[in-house]
Amino acid sequence: MNNSYELVPPPAHAMIESLRGVGYSVEAALADIIDNSLAADAKNVRLHFEFAGADSWISILDDGRGMNEPELRRAMTLGGRSPLDTRTSSDLGRFGFGLKTASFAQCRRLTVASKKGGSRAVRRWDLDLIARPDVNDWRLLSEPAPGSEDRLLGLENEDSGTLVLWERMDRLTAGMLSDDRRSEDAFLLMIDRVEQHLGMVFHRFLEGSHPELKIFINGTDARSRVRPWDPFLAWSPATSITPVERIPTANGLVELQGYVLPHKDQLTEEEFREGAGRDGWTSQQGFYVYRNRRLLVAGGWLGLGEPRLWTREEPYKLARLSLEFPNTADEDWEIDIKKSTARPPRVLKARLTALAETVRSQARQVFAHRGAYGKRAPTADLQSAWTVDEAGSGTRYRINRSHPAILLVLEAAGRDQAVVEQALRLIEETVPVQRIWLDTVEKGEIRKEAFAEAPPPELEGIACSLFKHLTTRVGLSPELARQQLLSTDPFQNYPDIINRLVPEAA
Ligand SMILES: Nc1ncnc2c1ncn2[C@@H]1O[C@H](COP(=O)(O)OP(=O)(O)OP(=O)(O)O)[C@@H](O)[C@H]1O
Ligand SMILES: [Mg+2]
């Protein structure tokens, strides 16, 4: 066997110029930089955008752990960490490329200054230097560019932290002139887009009265703080929420939850505008995929749907689902360097499809039945026949004793209630969860929602007897009884049947 070989390291200039083509938007690139701040336990991130035509610059300062000289050198090295390394659960990184690729996509000069244990380290990549034929090598500079020192001053106020500085942003400022209104407007519009994007991507970190993270843009006061954008309008009582499903997989726990957002009539104009999100209601329907609580994918149907793949269509615009996986499962989800795509593993597809079908169909009903839903009391939580109990040793499925049909049985049982209760407990204890799960995965057998498609004759019968019970024994008015049924699973899917119900003539 011939063991002769040659070493062929890539020419630095060509390599970096190609990496620039990865296609990061400014907002995605900034999110990648902030991922690193979060991983370094930063509590505050301050972005500074300075407009000066082609000399515009952006800095990102955090108060995280910071880096010493060797750490910073490694951080600036392409692929300084292997994608195969195990990462802590708060580490949002994976590839050892983000800082460099995100920055190079935006600027030709990347300076990083970092403070740890009282001393400051600085490293700089200057693509114009590397492009020189007499250099063309991985020459990492250890000082800021002449004249740029002032731009690193923010770090002085921190005990530890990191400042990333982007200068010579050739792409972002292409065609821009300083002292030019239109150029400056375009720059400001870009800042707005960044603000919206960060508010969305990091909303789970920015939320609450004591948020884990605060991001500021061009200022330090409350007005400069990036506000979280919650895609699920969870604050609205008119949002219907399915119980969290926790799905164990070989590489960690996946959490899944569906939301049917309120009809426009149940929101103020401003709430409706805000709720739409950056790209509008129709575009922002579907799955929101989170990795360690950081949003990777904002909407879309992840290539699910049968027999035809689901696309983003108006009638389903109120359907949004949250899907969360840990970084131990990165490989299963095929995440990319930009942290902007993730593909669900095959083994989960049936489960995701099943919940998405339910949420989509409810969302369609809310969208279509403006009148009925507009008038509904703001308690849109559906009364489901089953509830999922997450407490204690694991997930338990329980029959909802306050579902009107169950109430009816218990009441009808009179003195025999204990017997009925025993039967309910027996059913609960013996739900063939494993079997259902296997059938779903192996045979792709997913029963659609209860009584899906054309309502079977018995559905109308059940609705009639419940309606009779509610209007006579419980003493509700016909209107209230109909409303109650419309917020009870599965009757909410059949407003035509429910709205036809009238008290029997005496
Ligand atoms: N703001 C920061 N504070 C502290 N350490 C940082 C910071 N930014 C980067 N680092 C260090 O530099 C390393 C390289 O960062 P980089 O973003 O290039 O790759 P990564 O985060 O490891 O993976 P990915 O390519 O998925 O982002 C990080 O792993 C971290 O150790
Ligand atoms: Mg990173």
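The values are calculated or read from the model by the stated rules, or taken from the named source; none is laboratory data. Quick caveat: nothing in here was measured; it's all calculated off a predicted structure. We place every Cβ from the backbone using ideal geometry, glycine too, and count neighbours over all the protein chains shown.
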Quiz item: Here are Arg123, Arg87, Arg81: which of them is among the basic types (Lys, Arg), closer than 29 Å to Asp330 by Cβ and assigned to a strand (DSSP E or B)?
Solution: Arg123
Practice problem: Just give me the residues in segment 59-111 being more than 6 Å from ligand 1 (Cβ to nearest atom), closer than 20 Å to Asp128 by Cβ and within 27 Å of the chain's Cα centre (by Cα), in sequence order. | Solution: Ser59, Thr101, Ala102, Ser103, Phe104, Ala105, Gln106
Quiz prompt | Criterion (in contact with a helix residue (DSSP H, G or I) (Cβ under 8 Å, 6 or more places away or on another chain) and closer than 30 Å to Pro231 by Cβ) met by exactly one of Arg139, Arg171 | solution = Arg171
Quiz item: So which residues in segment 28-67 are in contact with a helix residue (DSSP H, G or I) (Cβ under 6 Å, 6 or more places away or on another chain) and of a type in the set (Asp, Glu), if there are any at all?
Solution: Asp32, Asp62
Quiz item: Which of the residues spanning segment 57-78 are β-branched (Val, Ile, Thr) and either outside the structural domain of Val194 (by TED's automatic domain parsing) or outside any strand (DSSP E or B) (or both)?
Solution: Thr77
Quiz prompt | Identity of the residue in segment 447-475, over 18 Å from Ala385 (Cα atoms) and at pLDDT 85 or above, that ends up surrounded by the fewest Cβ atoms within 10 Å (Cβ to Cβ) | solution = Thr472
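For every residue, the table says whether it meets (1) within 13 Å of ligand 2 (Cβ to nearest atom); (2) crowded, with 17+ Cβ neighbours inside 10 Å; (3) free of Cβ contacts under 8 Å to residues at least 24 places away in the same chain; (4) over 30 Å from Gly208 (Cβ atoms).
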site	(1), (2), (3), (4)
Leu47	no, yes, no, no
Ser56	no, yes, no, yes
Glu69	no, no, no, yes
Gly79	yes, no, yes, yes
Exercise. Given the conditions (1) outside the structural domain of Thr101 (by TED's automatic domain parsing); (2) more than 20 Å from Arg294 (Cα to Cα), report the number of the one that Glu255 does not fulfil.
Key: (2)
Quiz item: If you take the residues in segment 112-143 that are small (Gly, Ala, Ser) and either more than 18 Å from Asp63 (Cα to Cα) or within 10 Å of ligand 1 (Cβ to nearest atom) (or both), which one is surrounded by the fewest Cβ atoms within 10 Å (Cβ to Cβ)?
Solution: Ser142
Exercise. Considering (1) among the charged types (D, E, K, R); (2) touching a residue at least 24 places away in the same chain (Cβ under 8 Å); (3) within 12 Å of ligand 1 (Cβ to nearest atom), say which one Glu17 fails and leave the rest.
Key: (3)
Quiz item: Considering only segment 181-205, how many residues are over 13 Å from the mean Cα position of the chain (by Cα) and either within 28 Å of Arg291 (Cα to Cα) or not aliphatic (A, V, I, L, M) (or both)?
Solution: 13
Exercise. Return the total of residues in segment 306-347 being at negative phi, free of Cβ contacts under 8 Å to residues at least 12 places away in the same chain and in a loop (DSSP other than H, G, I, E, B).
Key: 5
Quiz item: Among (1) part of a helix (DSSP H, G or I); (2) touching a Leu at 6+ places or on another chain (Cβ under 7 Å); (3) assigned by TED's automatic domain parsing to the domain that holds Arg351, which single condition is Phe205 missing?
Solution: (3)
